[in-house]
Amino acid sequence: MRIKTYTPKPADIEREWYVVDAKDQTLGRLATQIAVLLRGKHKPIFSPHMDVGDFVIVINADKIRVTGNKMETKFYYRHSGYPGGLRAIALRDQLQRFPDRVIRSAVRGMLPKNSLGRKQLKKLKVYTTATHPHEAQRPKTYEL
């Protein structure tokens, strides 16, 4: 008896759209659930080398929570490429200016670091308000 390895075909992949409300959710726990949806690990046809995941819409991104004193001690770094070009911004300031980048950065760290991860990250849509322009896709509400 031979057991064959199953590999999903592109025709087998059905993508859903989910809406996740980030209001009063802990950042890391929220990001892990979003990463699972983007990768497709919640599906029985999951394959680590293929993109079988779903689209995720995050609303109320500016109302997330973090535990401890991360608002003051967690920093986001970027470098201009020039000597002395390292810039750091605290989580509190990042949430005020670009709250969508906080969630996107947390989810990006949980996805594969290759072209597949970049492709999966494009299916993440983050909005700071409770409205989004994706009603035509009839997204389902995803409870965390």
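The values are calculated or read from the model by the stated rules, or taken from the named source; none is laboratory data. All values reported here derive from a predicted model rather than from experimental measurement. Cβ atoms come from the backbone with ideal geometry, glycine included; neighbour counts cover every protein chain shown.
At-a-glance table
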item: Lone qualifier among T32, T73, T67 - being surrounded by fewer than 17 Cβ atoms within 10 Å (Cβ to Cβ), touching a residue at least 24 places away in the same chain (Cβ under 8 Å) and more than 12 Å from the chain's Cα centre (by Cα); result: T67
item: Scope segment 87-137; condition more than 21 Å from I64 (Cα to Cα), surrounded by fewer than 12 Cβ atoms within 10 Å (Cβ to Cβ) and in contact with a strand residue (DSSP E or B) (Cβ under 7 Å, 6 or more places away or on another chain); matching residues; result: R87
item: Any hit, segment 5-14, residues being surrounded by fewer than 20 Cβ atoms within 10 Å (Cβ to Cβ), within 16 Å of K122 (Cα to Cα) and touching a residue at least 40 places away in the same chain (Cβ under 8 Å); result: no
item: Inter-residue pairs, beta-carbon under 6 Å, first part of a loop (DSSP other than H, G, I, E, B) and in segment 128-139, second of a type in the set (D, E, K, R), 6+ apart; result: T128/D62
item: Qualifying residue in segment 72-80 (condition: aromatic (F, W, Y) and in a loop (DSSP other than H, G, I, E, B)); result: no
item: Of residues in segment 37-84 being among the β-branched types (V, I, T) and in contact with a strand residue (DSSP E or B) (Cβ under 9 Å, 6 or more places away or on another chain), the one farthest from K23 (Cα to Cα); result: T73
item: Residue under evaluation V52, criteria (1) modelled with pLDDT of 95 or more; (2) farther than 14 Å from Q120 by Cβ; (3) in contact with a helix residue (DSSP H, G or I) (Cβ under 9 Å, 6 or more places away or on another chain); (4) not in a helix (DSSP H, G or I), criterion not met; result: (2)
